[in-house]
1. What are the residues in region A:24-41 that are out of contact with any Ser or Thr (no Cβ under 8 Å at 6 or more places or on another chain) and in a loop (DSSP other than H, G, I, E, B), if any?
2. What number of residues within region A:78-103 are more than 8 Å from chain B (Cβ to nearest Cβ) and either buried (at least 21 other Cβ atoms within 10 Å of the Cβ) or of a type in the set (A, V, I, L, M) (or both)?
3. Among the residues of region B:73-124 satisfying the criterion of being more than 28 Å from A:Arg114 (Cβ to Cβ) and of a type in the set (Gly, Ala, Ser), which is surrounded by the fewest Cβ atoms within 10 Å (Cβ to Cβ)?
4. If you scan region B:38-50, which residues turn out to be touching a residue at least 12 places away in the same chain (Cβ under 8 Å), part of a helix (DSSP H, G or I) and at the interface with chain A (Cβ under 7 Å from one of its Cβ atoms)?
5. When region B:52-65 is examined, which residues are found to be at the interface with chain A (Cβ under 7 Å from one of its Cβ atoms) and more than 12 Å from B:Asn38 (Cα to Cα)?
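Computed from the coordinates by the stated procedures, all read-outs in this text should not be read as laboratory data. Values in this document were obtained by computation on a predicted structure and should not be read as measured data. Note that each Cβ is placed from the backbone with ideal geometry, even for glycine, and that neighbours are counted across all protein chains shown.
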Amino acid sequence: MTLKGGTSQACAACKYQRRKCSSECPLSLYFPPEQPKMFQNAHKLFGVSNILKILKNLQPCQKAEAMRSIIYQANIRDKFPVYGCWGIICQLQYQILQAEEELHAVHAQLEMSRQHQHQISSLSDDMVASQLELGMAPPSTNALSLFNHTPQPYNAVDALPVTQQQHSYWNCNRAAYNSGYMDTKDNVGNPFWVQHSYANNDNNSNNSLAIQSELVSSQPLAIQHEVVHDYDEIHPFFDTIDDRQSYIDSKEPYESSSEESLKDTTQSVEHVAENELKSAAACFSLTSVN
Amino acid sequence: MSSSNSPCAACKFLRRKCTQECVFAPYFPPDQPQKFANVHKAFGASNVAKLLNELNAAQHEDAVNSLAYEAEARLRDPVYGCVGLIFILQHRLKQVQTDLYNAKKELATYIGPQAMLPILQPPG
């Protein structure tokens, strides 16, 4: 709606509600008229009154961040109507768990390689020393080559205990949610997901959990240099996810001692410095979702 | 009614009769009042009902549980809600991936380029 005698356009919120957008409209800053979908998603999940209630209790400096997170959450819910942000969190925790396990395995291999290298060096030093003591010529390169064997291709799978863990999708917050990405409606199994069975993983001090390993990037060594994301940028991993596809079958009821349900995740959050959260959020900006 | 006589937590909260057709009854049992209270405060009962209406019945429970999680997170942290945790986890994941890459690079100096291959087999 165009204001009488003016050129400014009503914000997306006022346009949607078909009302006059005044200069004091609290939502006009966050819902530009050229991005109606963004407001529709937020309205669908939260509703205008709930958004205004959230904003009302915040400091002015917090409002922009809050709106960004609200918009992001609503966009995620639009994209993944069943699991929303909760699904994203669970997947991320699984990916972290997988990466940490692999890191642990690599470190173990590194340690063995270092020890092996050290042993070879010691042996060859001893050999030279004993030859010199006996007044013999230093051993030839050929003799030394016995000690300088080319390491055989390292079969890490044989050399290290490979843990095949059974994980639950929904152990991310120790909640009693224990369901997966099941869609009995379409019964179309995403091949990435259907073949795994899961049980609770309780030996996790990092409160990580397991999700599909195939959903880990197909380029596991690709390093993303950006530390932070725009709020509206949904991680490319998540494009492979279809909320509505069938996966697991075990479910547990939610327990309202959801004090517990969030306890572990909030503990892990609390352990992170507040400035890390702020720096992670520093680059968020409102971008178009249309 | 969610059980023989007791209204579900949603109908108790909203002070209305809990019928057989109550859409909330299967997911908000009367012994978990806080679950519905959080969801209603963050999103509103009507929004939740509309969301559920767009999904299959088989997806309702998961959707309700994820909404309950997000609602509680939003009430605890009105600024970031559960989104803050997403970005922390993304940051953490990148850190671990960087460490993994560097460790594999060092391992490759000992055992060759096969060090860059995945070590752990995916489950299943």
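1. At the first step, the residues of region A:24-41 found to be out of contact with any Ser or Thr (no Cβ under 8 Å at 6 or more places or on another chain) are A:24-33, A:36-37, A:39-41.
Answer for region A:24-41, where residues must be out of contact with any Ser or Thr (no Cβ under 8 Å at 6 or more places or on another chain) and in a loop (DSSP other than H, G, I, E, B): A:Glu24, A:Cys25, A:Pro26, A:Leu27, A:Ser28, A:Leu29, A:Tyr30, A:Phe31, A:Pro32, A:Pro33.
2. Here is the first cut: in region A:78-103, the ones more than 8 Å from chain B (Cβ to nearest Cβ) are A:78-80, A:90-91, A:94, A:97.
Cutting the leftovers down to either buried (at least 21 other Cβ atoms within 10 Å of the Cβ) or of a type in the set (A, V, I, L, M) (or both) gives us A:80, A:90-91, A:94, A:97.
So the answer is 5.
3. Here the residue is B:Gly124.
4. Here is the first cut: in region B:38-50, the residues touching a residue at least 12 places away in the same chain (Cβ under 8 Å) are B:38-43, B:45, B:48-49.
In the following step, the residues that additionally are part of a helix (DSSP H, G or I) were identified as B:38-42, B:45, B:48-49.
If the condition is that a residue be touching a residue at least 12 places away in the same chain (Cβ under 8 Å), part of a helix (DSSP H, G or I) and at the interface with chain A (Cβ under 7 Å from one of its Cβ atoms), then B:Ala42 is the only one that fits.
5. Taking region B:52-65 as the starting set, the residues that turn out to be at the interface with chain A (Cβ under 7 Å from one of its Cβ atoms) are B:54-56, B:58-59, B:61-63, B:65.
Within region B:52-65, B:Glu54, B:Leu55, B:Asn56, B:Ala58, B:Gln59, B:Glu61, B:Asp62, B:Ala63 meet the criteria.
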